[in-house]
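Have a look at the structure below, then the notes.
Nothing in this text is a laboratory measurement; each read-out follows from the coordinates by a stated rule. Because the structure is predicted, anything quoted here is derived from the model rather than measured. Cβ sites come from the backbone with ideal geometry, for glycine too, and all protein chains shown count toward neighbours.
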Amino acid sequence: MTPFALRIQPSLQAELDAAASAEARGQFHTAFQHLARAHILGQPATTEHVRVHWRMFRFAVRNRLAAEAFGQAWRMVAAGLFTAVGLVPEGNTGGSAVSAFRRMPVPEDLQPAIAAARGGQPPYRGPAAYR
């Protein structure tokens, strides 16, 4: 696993956990938003990128979203092939309703975690983390 992947993993896993919790509560839109945020975080790392698409695929299958499941199946293959060579559009949310080639703005609250993972600095977690 790359240093970026190791450093981004806690932030990415927090989004995946939030997605699972939201889905368990029946909050499907919120669950998919967390999956999209996990996608943005993990996109630069091949393993994490594919893992997020796998989770999106499983979400789609569980919730009988055939078009989304089909789109995620293709995206898993593409993520495995193109991430390692850097052919990923930054900020893309990863859902099948969005072009796989479309660049999108990275949400401001995710930027510190991505920057920290790229540079090795721990992400700022707010004052509550230092109590």
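Find the residue count for segment 1-15, including only residues that are surrounded by fewer than 20 Cβ atoms within 10 Å (Cβ to Cβ) and farther than 20 Å from Pro89 by Cβ.
Going through segment 1-15, the residues surrounded by fewer than 20 Cβ atoms within 10 Å (Cβ to Cβ) turn out to be 1-6, 9-10, 13-14.
Within this subset, residues satisfying the condition of being farther than 20 Å from Pro89 by Cβ are 1, 3, 6, 9-10, 13-14.
So the answer is 7.
Within segment 97-108, can one find any residue that is of a type in the set (Lys, Arg), exposed (fewer than 14 other Cβ atoms within 10 Å of the Cβ) and within 19 Å of Thr2 (Cα to Cα)? Outline the logic, then answer.
If we filter segment 97-108 for residues that are of a type in the set (Lys, Arg), which is where we start, we get 102-103.
Of the ones still in play, those that are also exposed (fewer than 14 other Cβ atoms within 10 Å of the Cβ) are 102-103.
Next, only the ones that are within 19 Å of Thr2 (Cα to Cα) stay: none.
Looking for residues that are of a type in the set (Lys, Arg), exposed (fewer than 14 other Cβ atoms within 10 Å of the Cβ) and within 19 Å of Thr2 (Cα to Cα), one finds none in segment 97-108, hence no.
Quick one: Phe82 ticks every box in (1) over 19 Å from Leu110 (Cβ atoms); (2) in contact (Cβ under 8 Å) with a residue 40 or more places away in the chain bar one, so which box is it?
Single failed check for Phe82: (2).
Among the listed residues Val88, Val106, which satisfies the condition of being of a type in the set (A, V, I, L, M), closer than 23 Å to Arg118 by Cα and touching an Asp or Glu at 6+ places or on another chain (Cβ under 7 Å)?
The match here is Val106.
Would you check which residues across segment 77-112 are in a helix (DSSP H, G or I) and out of contact with any His (no Cβ under 7 Å at 6 or more places or on another chain) and list them?
Selection gives Val77, Ala78, Gly80, Leu81, Phe82, Gln111, Pro112.
To keep it simple, each residue is scored yes or no on (1) within 13 Å of Ile114 (Cβ to Cβ); (2) under 10 Å from the mean Cα position of the chain (by Cα); (3) not hydroxyl-bearing (Ser, Thr, Tyr).
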position	(1), (2), (3)
Thr2	no, no, no
Ala5	yes, no, yes
Pro10	yes, no, yes
Ala31	no, no, yes
His34	no, yes, yes
Thr46	no, no, no
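From the list Ala36, Ala22, which one is out of contact with any strand residue (DSSP E or B) (no Cβ under 9 Å at 6 or more places or on another chain), over 17 Å from Gly86 (Cβ atoms) and free of Cβ contacts under 8 Å to residues at least 40 places away in the same chain?
Criteria check complete, one pass: Ala22.
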